[in-house]
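Chemist: Please see the structure below; I have some questions.
Since every read-out is calculated from the coordinates, none of them should be taken as a lab result. Quantities reported herein were computed from a predicted structural model and do not represent experimental measurements. Counting neighbours? That spans all protein chains shown, and the Cβs are built from the backbone with ideal geometry, glycine included.
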Amino acid sequence: MAVNRLKKALNTISGKKRVACFYRVSTKGQLDGNDIPMQRRACAEFIERQGWELAKEYIEKGVSGFKVSANDRDEIQQAKRDAENGLFDVLLCFMFDRLGRKEDETPFVLKWFSKQGVELRSVKEGQQKFEDHGDDLMNFIRFWQAGGESKKTSMRVNEKHTQMVEDGIFRGGKPPYGYKLVKSGSVNKKGKELMKLAIDEEQSKTIRMIFDLVFSSGYGANRIVKHLNSPEIDIKSSTGGKWNTGVINFILRNPIYKGYMTYGKRKSDDGLYKMTSSNEWVTSNNRNDELALVEESMWERVQQIRSSRSQENIDNPEIEKVNVTKSPLLFVGMIKCGHCGAPLTTTYNSKKYTLADGTVQKWRQAKYRCSGKALGRTECKGQTIYSQNRIEGIVLEELDKYLDQLRQVNLSDQVKKLKKNSISEEESEYKKLTKHATALKKELKILTDEVTKSIMGKSSFKPELLNSLIEQKDVEIQNIEVQLEKLEQKMKSKKLEVSEMESLISYIPVWKEVFHNPPIEKQKMMLNYIIDSIIVYKDSVTLKVKLRISDFIQASKGQYNQLTGSPS
């Protein structure tokens, strides 16, 4: 403290108080307006009235004082260094909230400056002193109120964006890849013409390709990136450069491509943005067919394929696995050893021989290998290696027979029944829980609003009781949201099942012709849509198809059970 006073005495020449002014705007909209000039003018007039002199100015452009910590704000940190060096006597701002709005941080920032011997002034709020406990309390209350206002503003903005998205209205900003902005024919309150999304014909081809590479060929983000960046394809990203996995992952999980506006895919945590879980997103209530680039069933299937490969699901037996498309073997990912239950993986038999002319020839053939037997499991009584031709020949022959039988059965009525009945129970429960969650959130808001009154002594509830009730409501809401997420996944799964059955009906008549034409990656994905599992024994192979609906099994007159070896 004494060192700072000495520095100030040495730095002061005119005898007048030297003032450092701090200006801040939190949004680009304020930056484009006249907020900074307004703050500067008010501070200049204040300095002139006091007979002081301007020593320095700190300007923060587009920085949120509510979301961004003082430790991450360059101008605040520079002002601190200058205060330590005694470069100014007074820190002046238009209002103290220009220094920040974080109730758990900004009061201590002000107190820090005061401890350096700096006088704290606001054009609108006067001087903030730290001479007794009352000054500390007033300092805290000021920023507690400012933080509350920021939260209310944030809630209002959030609610506005939520309602816009639910109504399917474009919120503005840069259009997602695959779309462009066109004039909407409407104007806002300021008379500015609003823009809307429209499909970009050229970019939309790339989007459809990206989704098809996952849906039809089982590609992951890395393989898609290599494909798009390859010299043969050489499609540029939205920035005109190379693609990366982050962009591909963002595209593949964005509901806009199935025709739904979305809000809340990212959120800020102290100024740092991170992706949120899909159950936290706000999605438009109705599908916009004009913006849909892929079918909804295809989009959902892509999510399922990607989810099954995530680290947390890869070892979960309850999660349906999608066939591995990198292996040259058709059934890796859905085939297991009947003796020990271990997956059959890919191995290779390699041979090298020399011709009479000295040419060296290499021969390499893929085979199925029991991973349990290869790891030395003594309980496995099966083979280690199985022939590709034998396994795949048996399974494809049996599959063809089954599909030939299924062609004779009218499945359309069963699909209609499934559509009508299977999802209604979950939808009813979902609506009931959603209504309950809405009521709890209203109660939580009432309790939260009561906290302010309690702190100011204007409520009959004690802060401790309110805190307990708020925590209780939070737990109830979290529990309901978990139930809602599970129900949502169930409904999506059933809708996907209906979609798969409809696709199956259309594919059955031409299965053989369609199946034998595409590359192996597409063959594997087609098989994945119809085969549930393949169990291999020394002397037999059991095929289980993915028709999980009992009505379908009854409709096929027992032929399903006969084929799979399941009990009647």
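Chemist: With Cβ to Cβ distances under 12 Å as the rule, what net charge do the other residues near residue 203 carry (K, R +1; D, E -1)? Show your work: numbers first, answer last.
Modeler: Numbers: positive: 180, 205, 208, 236; negative: 200, 201, 202.
Surrounding charge for residue 203 is +1.
Chemist: Between 472, 448, 434, whose Cα lies farthest towards the positive end of the dipole of segment 418-495 when Lys and Arg beta carbons carry +1 and Asp and Glu beta carbons carry -1, centred on the Cα centre?
Modeler: 434
Chemist: Can you give the charge dipole size of segment 418-495 about its Cα centre, rounded to the nearest 20 debye, using +1 on the beta carbon of Lys and Arg and -1 on the beta carbon of Asp and Glu?
Modeler: Here the size comes out at about 440 debye.
Chemist: Grab the other residues whose beta carbon is less than 14 angstrom from that of residue 360, score K and R as +1, D and E as -1, and report the net.
Modeler: Details: positive: 351, 352, 362, 364; negative: 357.
Net of charged neighbours comes to +3.
Chemist: In addition: For residue 385 and residue 529, what is the calculated FRET efficiency with R₀ set at 41 Å and r taken between the beta-carbons, to the nearest 0.05?
Modeler: Once the sixth-power term is evaluated, E becomes 0.90.
Chemist: On the principal axes of its Cα set, how long, how wide and how thick is segment 418-495? Give whole Å, largest value first.
Modeler: Here the Cα extents, ordered largest to smallest, are 59, 15, 12 Å.
Chemist: Which entries in 205/242; 381/524; 102/462; 129/453; 336/524; 16/56 show an alpha-carbon gap greater than 19 Å?
Modeler: Listed pairs above 19 Å: 381/524; 102/462; 129/453.
Chemist: Take the cross-link list 183/226; 326/544; 180/486; 180/431; 442/492 and give me the ones stretching past 30 Å between alpha-carbons.
Modeler: Over 30 Å Cα-Cα: 183/226; 180/486; 180/431.
Chemist: Provide the packing ranking of 244-257, 358-371, 85-98, i.e. peptides ordered by the mean count of other C-beta atoms within 10 Å per residue, highest first.
Modeler: Per-residue Cβ counts within 10 Å, averaged per peptide and sorted highest first, yield 85-98, 244-257, 358-371.
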